[in-house]
1. For GLU275, are the conditions met, namely being closer than 30 Å to ILE132 by Cα, in a helix (DSSP H, G or I), modelled with pLDDT of 95 or more and in contact with a strand residue (DSSP E or B) (Cβ under 9 Å, 6 or more places away or on another chain)?
2. Going through segment 135-158 one residue at a time, which ones are under 16 Å from LEU384 (Cβ atoms) and either touching a residue at least 40 places away in the same chain (Cβ under 8 Å) or in contact with a helix residue (DSSP H, G or I) (Cβ under 7 Å, 6 or more places away or on another chain) (or both)?
3. Check ASP283, ASP215 and return the single one that is charged (D, E, K, R), loosely packed, with under 15 Cβ neighbours inside 10 Å and touching a Gly at 6+ places or on another chain (Cβ under 8 Å).
4. Got a sec? Which helices (runs of 4 or more DSSP H) wholly within segment 84-202 have at least 3 residues that are buried (at least 16 other Cβ atoms within 10 Å of the Cβ)?
5. Residues that are crowded, with 23+ Cβ neighbours inside 10 Å: find the strands (runs of 3 or more DSSP E) completely inside segment 353-419 holding 3 or more of those.
6. Kindly provide the set of residues from segment 208-241 that are over 17 Å from the mean Cα position of the chain (by Cα), touching a residue at least 40 places away in the same chain (Cβ under 8 Å) and assigned to a strand (DSSP E or B), ordered by number.
7. Quick check: is even one residue across segment 324-339 crowded, with 22+ Cβ neighbours inside 10 Å and in contact with a Lys or Arg (Cβ under 8 Å, 6 or more places away or on another chain)?
8. Here are some residues: PRO334, PRO308. Which one is touching a Pro at 6+ places or on another chain (Cβ under 6 Å), under 24 Å from GLY264 (Cα atoms) and at pLDDT 95 or above?
Amino acid sequence: MLSIDFIRENKQKVVEAIKNKNRVADVDEILRLDDERKEHIQKSQTIREERNRLAKAGFTPENVERGKKLKDELKEIEDKLLITETELNKLLSFVPNVPLNEVPVGKDDTNNVEIRKNGDVPQFSFTPKSHIELATALDIVDLERGVKVSGYRGYFLKNEGALLNMALMMYVMQKLVKKGYTPFIAPAIVKGFTLFGTGQFPWGEPEVYKLNDDDAYLAGTAEVAITSYHANEVLKESELPKKFVAFSPCYRKEIGSYGKDTKGLYRVHEFWKIEQVILGENDLPKARQIHEELQRNCEEILQDLKLPYHVLLMCTGDMGEPQMIKYDTETWMPSRNGYGETMSNSIMGDFQTRRLNIRYKTTSGEMKYCYSFNNTALASPRILVAILENYQQVDGSVKVPEVLIPLTGFDTIKTKSSK
């Protein structure tokens, strides 16, 4: 959430951010309500001061009568203040973060800018198969029974597919722990304040599964729980940056994607994810360094897996509401004849931490809101799409990335008839 002072001092920037992120918010009404709020606060303060003077003046019938009137006036003002603040906070919750100057202005993903590519796109001497064809023939994924048991977009990972998935998770966790990140297994069931705090609500609420219990939801990323871990706390400057790597099951309705990637493992309702989350100082130059560190981490993972990828600087219309800047890392997937998103890396500034009230005390004693950051380290089964399709062999088998062989216990996934 942006502070009202920032909005007042940077009105045009905020208006442009709302427009460029394809959102709707009434900045003029926000400022009007803030003026009204200040007026109510001033009036209530004036009434309190008069009540204090009456109390010091001593008991008289006139003072008693005046005191009763002031009490009624104060209640009326406080009721109005509550209404004003409630409406103001509601409108503020719909104001997105302001992008950094280098973020390209654009309506959708066609305006994203490629920063770099890495790795060679495989050239097959045979007609390559899709991950669906490969996984079905290798008996490592069961989509038909997945739909029967789980519903639309359901799936089972089985046999070597299950082991490969577990090996990926363990490899990435171990890699980032060695880099100094604190490992977590995060809850998938979260309270509403975490989703509001991280900026999933109000914009992404249709994508979130709500449980029957009061105030219980299924999170679509460990970012939600981990960023909220220190909600309503004051940290020490010496503790920052706090670096976390968290595994969690994840759930998304994918309401806005019906008709897109309806078959296979690319877009599913239930998946596993390892997320990098950092809380850092309220300092943009340091924030840029952390952002690049997170980017190096995810690119190293793809390099370790020897998967070709490219990195995009996301435009305003495709970057999401809380972000100041966002990189997407997309991995080559032969069946798409193109790249598919596998990682998203964002600086959130103090947008989330204001909502979650996460602050730190500087060495000079000043209180500041932390900056928050997040980047996918691994999302599965989507990453399996890239591995199966890029590592397929002419006989229909699939090689296992070399770094995963010690964790899987096998170097090739073969058809059952060829074993």
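The values are calculated or read from the model by the stated rules, or taken from the named source; none is laboratory data. Here the structure is a predicted model, which means the values were calculated and not measured. So basically every Cβ, Gly included, is an ideal-geometry build from the backbone, and we count neighbours across all protein chains shown.
1. no
2. ALA135, ALA137, LEU138, ASP139, ILE140, VAL141, LEU143, ARG153, GLY154, TYR155, PHE156, LEU157 - these are the residues of segment 135-158 that are under 16 Å from LEU384 (Cβ atoms) and either touching a residue at least 40 places away in the same chain (Cβ under 8 Å) or in contact with a helix residue (DSSP H, G or I) (Cβ under 7 Å, 6 or more places away or on another chain) (or both).
3. ASP215
4. Of the helices (runs of 4 or more DSSP H) lying wholly inside segment 84-202, those with at least 3 residues that are buried (at least 16 other Cβ atoms within 10 Å of the Cβ) span 131-138, 160-178, 192-197.
5. Qualifying strands (runs of 3 or more DSSP E): 371-380.
6. Of everything in segment 208-241, those that are over 17 Å from the mean Cα position of the chain (by Cα), touching a residue at least 40 places away in the same chain (Cβ under 8 Å) and assigned to a strand (DSSP E or B) turn out to be GLU233, VAL234, LEU235, LYS236.
7. The answer is no; no qualifying residue exists.
8. After applying the criteria, what remains is PRO334.
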